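Input: a single structure, listed below in structure tokens.
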Amino acid sequence: MSNKFIGQSIKRVEDKRFITGKGRYTDDIKLPGMLHAHFVRSPYAHARVVSIDTAEALAIPGVVAVYTGDDVAAINGVPCGWQVNFRNGETMREPKHPMLIATGDTAKHAGDPVAVVIAETKEIAIDAAEAVLVEWDELPAIASPADALKDGAPLVHSQFPDNKAFDWSFGNPVEEVDAAIEASAHVTTLEFVNQRVVPNAMEPRAYIGHYDAVADKYTLYTSTQNPHLIRLLMCAFVLGIPEHRVRVVGPDVGGGFGSKIYHYTEEALVTWASKQLELPVKWTSDRSEAFLLDAHGRDHVTKAEMGFDADGNIMGLRIKTIANMGAYLSTFAPAVPTYLHGTLLQGLYTTPKINIDMTCVFTHTVAVDAYRGAGRPEATYLLERIIELAAHEMGKDPAQLRFQNFIPPFDGVTQPGYQTQVALQYDSGNYAPVLQKGLDLLGYDDFRQAQKQAANSNKLLGVGFSTYVEACGIAPSAVVGALGARAGLYESAQVRVQPTGKVSVFTGSHSHGQGHETTFVQVVADKLGIAMEDVELVHGDSDTVAFGMGTYGSRSLAVGGSAIMKSIDKVLEKGAKIAAHKLECAEGDLEYGEGKWTVKGTDKSIGFGDVALTAYVPHVYPAGLEPGLDFSSFYDPANFTYPFGCHIAVVEVDKETGKVDLKRMIAVDDVGNIINPMIVEGQIHGGLAQGIGQALFEGTIYDENAQLTNGSYMDYVMPRADDLPMFETANQITPCPHNPLGVKGAGEAGAIGSTPAVVNAVLDALWSGGHNDVKDILMPLTSERVWRAMNN
Amino acid sequence: MITYPFQYKRADSVADAVAMLGEGGKALSGGHSLIPSMKLRLNAPDTLVDVGRIAELKTITVDGNDLVIGAGATHGQIASSSVVKQHVPMFAEGAAHIGDPSVRNRGTIGGSLAHADPSADWPAMVLAADATIVVQGANGSRSIAASDFFTGLFSTALEDDELITAIRVSSQADAKMTYQKFAQPASRYALVGCAVVKSADGSVRVAFSGVSDTPFRDSAAESQLNGGASSANAASGQSIMSDHFATEEYRRHLANVYLKRALAAVA
Ligand SMILES: Cc1cc2nc3c(=O)[nH]c(=O)nc-3n(C[C@H](O)[C@H](O)[C@H](O)COP(=O)(O)OP(=O)(O)OC[C@H]3O[C@@H](n4cnc5c(N)ncnc54)[C@H](O)[C@@H]3O)c2cc1C
């Protein structure tokens, strides 16, 4: 194997089309006769549909159909893909999530659809949707998950009298944790909210359903992170159509951050409607709909207590959290606050006793599901906020308190992985050096000097730390199955060597901005010793790619890349048989490199292309060997991968206005081996911006009627380039011991580590200014909130 | 995000535009406030009269002692104009902080004033500069003092069939002036925008955007300052807006901080 491409910052091959405006997204696809859908949606967060009158809309020229709940009553609801049961064993409550709210039923969040208009143009569909007359009976609604549990709270689903979807506890027995905390010399208590955020993918969701009556075959074009998963969910659970009659294509996808994992009602509805009308039907979300309807992220209300002995060693961690599920259970929603959050509460610390008590509730809001980091940012936020506060309370240095409590290094090869108190076994980790590297980049001692001086000026200076460990490449299937996943979490890959030695690689991963067309090709070209131009990556089409679980959870390279490696091994193994036959030697005499098999110690060799041609023109060929050079593999990892790192923020706080100015953002990440450093850095940058966004800018605001009041870019604050400093990034490399590339995953790390670092920095600034009693400021840290914290 | 159907007409001259407005048309200048509200279907004009190509609206000239800025001058054009920098430098300073480059390259001073968003930047600046809004209607031209122009939330003294043609402001090259804004973090409009002009004789004019639902000259603060005080209470007697970026209490506090900072800048 050569290393010509692996480890190089090769420019992304897909960028040529993206930056010249030639990407092909779902909305760019225009099919002959294509119709356009627009939905009539509930203006209320909770309201009963008294009546629907479609006559006026149907009379508008260009309107082809108007469907209401009665028309789609036979269609199943959108399913949930993960089951978590109540602590007492009772089954998770799973309300039906219907395509359209029927007359007599109730809409359960603002934007819940009651009818769909299908017309010759989008303009006509929108106009006609306004002409659909719906009589509503508005009902009281609730958006806050904590309020949803109160007596007398309006019910989201009348059959679930306490608004609970399920409750759950995890970790050590709670009595043991109680005892550990009881025995502690110091207990730090932190109550906080991890606020709800909107994913804001640049490309809004878009779908085209196309039923071809002649072939009796459906095609769904969809802006998705996982075409095969959508096909499985939609065919098997929603529409009940045989899977082999459905092709799902995910063309270029402009970002998802999790929100395009899930199967949405609009997706199934356009597919169904195309069959009724025998014409393609397109729906593209507008930005207002995206704010209202794309599954949101986070939304936890937490009380955490961490106990320490007199020397500052962590003794125990006890957590109570309420998590908002929204009105319906989205595809992976139950897994996020539980198995992607509760299992991460060990962090990088040797905490001997941990227990989490979780209550997941329904509210009159759109569903909450995985959003960049999915549970791990919430866990990291909790741990890194409470340890920083503990250091402040105990008068200890926050970096030293971390060093003191870190799990010692383990490589997972000569030393075993680290068994946590919360089920996971970390693969490899070496935590102290990433914090040390961060401190070195920061210039910690000089910083504390500068901070002292600033305390007397108009602007306070603060530094905040965050050290994190996260879990990527969620697996293995047997384990997640036992935990409630209703799907496996492996990946498939096919490596098809064409007769001329060119290679097509089919992967079930699906890039929505990650650069797979570059990274995966770098790997394949190096492993085969051929040029990158000779390798093509095919993804996003269920008719060409055998199967796939898609791209999320920073899994593509660790799981999808490993599947490709397995197929490459098979290609080289069979290729060696052919080469040995041609070179008239034993397979064991051959070595592979630089794109050819060479008889060891000689200059006799045969090239990859010649072997490929021989495989397809097998005139001189090993007896009994099948022709062809084309291998599929499925890879089901043995464990998650566990990247880790250290993020450090430096802020300035204006004493008069409370305005926070982020001055420095340092990120030292260990994501295992790195195939393309530029792409990894780009992923870290994007993640940092999102994590900083949550700390300082983003967050939904619901009014007392559960209406989203900041559903536009005039009111919802996205982080912008001029809000952010130049990021200072660095890497440490601790390879993953259990996958062939030694890679861990880098897609979410930035968003996982950065949020608490920024909030800690603001608190540190306030503490340096004598505001020692401030324990928490609600995110996002608006100027007013920070000002109030200083002026209470 | 699709507007209701509408007619589009392009005016080639002010006279042409005024005639079309008289027929019920609505002026379209940079389109950076009007088009977004049409896309959200909050605004549904039958006919748009595009005044964006009328050359005479785009000039920036000096007429005697006055700086005359055409209503169609873009924020970007004003920000980089050497005549503006010479005669009313605050206009260039403030214009440079409106939106982002693409907003500044399309949005116009006339459009901004006619739109009268309480949080827009121009209102405070034209008020503190004591500018005059020159408008043209079917019955000819009239001049409206900036202090008479803003009549409420998104409302002005402009008649439906009147076109703003220019902003006229006396040269204040010998004054010290500044526009300081605390930007709303999402829209970047003014959460508090404070314009202060200190004339050569030491008298001070103060105006605010973003604070109240109508931009205003802060006459209470002015009389304190012109009575010899070195500091003043901002916005006293004004009703203060409240939203999720700034409650009434915090906004008032910010107005005071920004007045203090603006006064320091012209000291
Ligand atoms: C992303 C974004 C950010 C922005 N940020 C800021 C900001 O930070 N600060 C700020 O102040 N503004 C901001 N704006 C608004 C921007 O400055 C607009 O350009 C301005 O408010 C309107 O000017 P326009 O030329 O685009 O007017 P248009 O949108 O074309 O018209 C606005 C209104 O004025 C009327 N009108 C236009 N011209 C005339 C005329 N000559 N006579 C009579 N009526 C007329 C129209 O009929 C309409 O009612 C922002 C806008 C956007 C889109």
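The values are calculated or read from the model by the stated rules, or taken from the named source; none is laboratory data. Just so it is clear, the model here is predicted, and its values are computed rather than measured. Heads up, the Cβs are rebuilt from the backbone with ideal geometry, glycines too, and the neighbour counts pull from every protein chain shown. To get the accessible areas, we keep the full protein, side chains included, count just its heavy atoms, and leave off ligands, DNA and RNA. Shrake-Rupley method; radii C 1.70, N 1.55, O 1.52, S 1.80 Å.
Laid out as a table, the results:
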| quantity | calculated |
| --- | --- |
| Compactness index (Cα Rg / 2.2 N^0.38 Å), segment B:152-192 | 1.71 |
| Computed label-point distance, nm, for sites B:SER155 and B:ASP100 using a 7 Å Cα→Cβ extension | 3.5 |
| Segment B:176-266, accessible area per residue, ligands and nucleic acids excluded (1.4 Å, Å²) | 37 |
| Lysines with Cα under 16 Å of A:LYS22, excluding same-chain neighbours fewer than 8 positions away | A:LYS30 |
| Where labels lie 7 Å past Cα in the beta-carbon direction, separation of A:SER169 and A:GLU626 in nm | 5.4 |
| Long-range tail of P(r) for segment A:174-280 (Cα pairs > 24 Å, %) | 43 |
| J(HN,Hα) series, segment B:118-132, from Karplus relation 6.51 cos²θ - 1.76 cosθ + 1.60, nearest Hz, glycine and proline x | x, 9, 6, 7, 4, x, 4, 5, 5, 5, 5, 7, 6, 7, 10 |
| Efficiency of FRET between A:ASP397 and B:SER143 - r from beta-carbon atoms, R0 51 angstrom, step 0.05 | 0.15 |
| Per residue accessible area of chain A, 1.4 Å probe, in Å² | 34 |
| Distant-in-sequence amide H partners of B:ASP66 (H built 1.01 Å from N, under 5 Å) | B:SER171 |
| Partner chain coverage, peptide A:286-293 - average Cβ within 10 angstrom | 1 |
| Per DSSP, loop GluC sites (Glu not before Pro) in segment A:274-353 with at most 13 further Cβ within 10 Å | A:GLU278 |
| Accessible area that becomes buried as B packs against A, both chains, 1.4 Å probe, Å², nearest 100 | 2200 |
| Global geometry of segment B:7-50, whether rounded, prolate or oblate, following the gyration tensor of its Cα atoms and the 1.5 cut on a/c | prolate |
| Integer Hz, Karplus 6.51/-1.76/1.60 couplings in order for segment A:442-449, x for Gly and Pro | 5, x, 4, 4, 4, 4, 4, 4 |
| Calculated SAXS-style log₁₀ I(q)/I(0) at q = 0.23, 0.26 Å⁻¹ - segment B:58-121, Debye, Cα scatterers | -0.94, -1.16 |
| Length released on extending from A:ASN458 to A:ASP411, taking residue separation times 0.36 nm less the Cα-Cα span | 12.2 nm |
| Chain A: Rg to Rh, with Rh as the Kirkwood radius over Cα pairs | 0.99 |
| For segment A:668-674, Karplus couplings with θ = phi - 60° (6.51, -1.76, 1.60), whole Hz, Gly/Pro x | 10, 10, 10, 10, x, 5, 10 |
| Per-residue [θ]222 nm for chain B (sum of -39500 (n - 2.57) over DSSP H runs n ≥ 4, rounded to 500) | -8500 deg cm²/dmol |
| A:ASP569-A:LYS16 pseudo-label distance in nm [points 7 Å out on the Cα-to-Cβ vector] | 3.4 |
| Average projection area in nm² (convex hull over Cα atoms of segment A:181-233, one quarter of hull surface) | 7.8 |
| Principal axes of chain B: Cα extent on each, largest first, Å | 54, 46, 33 |
| Gyration tensor verdict on segment A:635-734 (Cα atoms; rounded if a/c is under 1.5, prolate if a/b is larger than b/c, oblate otherwise) | oblate |
| Solvent exposure, largest accessible area first (probe 1.4 Å, DNA, RNA and ligands not counted), of A:ASP603, A:ASP610, A:ASP703, B:ASP174 | A:ASP603, B:ASP174, A:ASP610, A:ASP703 |
| Long-range HN-HN contacts of A:ASP105 with modeled amide H, under 5 Å | A:VAL49 |
| Extension gain from A:GLN436 to A:ARG87, taking 0.36 nm per residue of separation minus the Cα-Cα distance | 121.5 nm |
| Theoretical gain in end-to-end length, A:TYR713 to A:LEU277 [0.36 nm per residue, Cα-Cα removed] | 153.3 nm |
| Average beta carbon contacts from partner chains per residue of A:157-168, 10 Å cutoff | 0 |
| Those chymotrypsin sites (Phe, Trp or Tyr not before Pro) in segment A:323-407 that DSSP places in a loop and that have at most 15 other beta carbons within 10 Å | none |
| Within the accessible area of the protein assembly as shown (1.4 Å probe), percent carbon and sulfur | 51 |
| Cross-link partners of A:LYS164 among aspartates and glutamates (Cα-Cα below 18 Å; sequence separation of 8 or more within a chain) | A:GLU90, A:GLU94, A:ASP147, A:ASP151, A:ASP299, A:ASP357, A:ASP369 |
| Cα-based shape type of segment A:24-88, given that a ≥ b ≥ c are square roots of the gyration tensor eigenvalues and the cut on a/c is 1.5 | oblate |
| Principal axes of segment A:490-635: Cα extent on each, largest first, Å | 47, 28, 23 |
| When the convex hull of its Cα atoms is projected in every direction, mean area for segment B:176-266 (nm²) | 5.3 |
| Proximal lysines relative to A:LYS574, as straight alpha-carbon distance under 26 Å, when same-chain residues fewer than 8 apart are discounted | A:LYS4, A:LYS502, A:LYS527, A:LYS566, A:LYS582, A:LYS596, A:LYS600, A:LYS604 |
| Rotationally averaged projected area of segment B:14-157 (alpha carbon convex hull; nm²) | 8.5 |
| Listing of segment A:681-721 residues, each with accessible area lower by at least 50 Å² in the full protein assembly than in the chain alone (probe 1.4 Å) | A:MET714, A:VAL717, A:ARG720 |
